[in-house]
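Enquirer: The structure that follows is given in the form of structure tokens.
No value in this document is a laboratory result; all are computed from the given coordinates. On a predicted model such as this, the values are computed, not experimentally measured, just so you know. All Cβ positions, glycine included, derive from the backbone under ideal geometry; neighbour counts span all protein chains shown.
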Amino acid sequence: MFGPEFFALSGAHAVDSGEGFGCECAICRRAISAPHRFQGRVVWCLYCGLERGLVPPVEVPGGFEFTSGVTREEAASITANATRLDEWAIERDRAHGRLIEI
Ligand SMILES: [Zn+2]
């Protein structure tokens, strides 16, 4: 399978938040950080993912699941739902138990 399992924002977001570990982009060697479950996996920075068309260049309502970047599955899901991102975000938040029904 081409590409990484996680696309990370540059900097130490995951380290600062306790969500993960520091590493570097497998392509450009930029300093990045990723959630713990991606330790030992291939991780790219968000820029390399955008440049290669693996991360859609869109603003996601409510942000990504992780503060430090986007998973391969989430990026693919965003691409598949590019025309209905508001509904997609509501379904995502409901699935993660982040949406409180009133
Ligand atoms: Zn990179």
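Enquirer: Report, in deg cm²/dmol and to the nearest 500, the calculated mean residue ellipticity at 222 nm for the chain, where each DSSP H run with n ≥ 4 adds -39500 (n - 2.57) and the sum is divided by the residue count.
Expert: The helix-only estimate for the chain comes to -8000 deg cm²/dmol at 222 nm.
Enquirer: Which whole-Hz couplings ³J(HN,Hα) result when phi for each residue of the stretch 74-90 is put into the Karplus expression 6.51 cos²θ - 1.76 cosθ + 1.60, θ = phi - 60°, listed in order with x for Gly and Pro?
Expert: 3J(HN,Hα) across the stretch 74-90, in whole Hz: 5, 4, 5, 5, 5, 4, 5, 10, 4, 8, 9, 5, 5, 5, 4, 5, 5.
Enquirer: Under 18 Å from a point placed 7 Å out from the Cα of residue 31 along the Cα-to-Cβ direction: which residues of the stretch 1-25 have their backbone N that close?
Expert: Answer for the stretch 1-25: 8-25.
Enquirer: Let me ask another. Counting only residues 5 or more places away or on other chains, whose amide H sits under 5 Å from the amide H of residue 55 once H atoms are built in the peptide plane?
Expert: Counting only residues 5 or more places away or on other chains, the set is 50.
Enquirer: Scan around residue 21 for amide H atoms under 5 Å from its own, H built in the peptide plane at 1.01 Å from N, and keep only partners 5 or more places away or cross-chain.
Expert: Counting only residues 5 or more places away or on other chains, the set is 34, 36.
Enquirer: Further question on the same structure: 5 Å is the cut-off here: which amide hydrogens, built 1.01 Å from N in the peptide plane, fall below it relative to residue 10, excluding neighbours closer than 5 in sequence?
Expert: Answer set, sorted by chain and number: 46.
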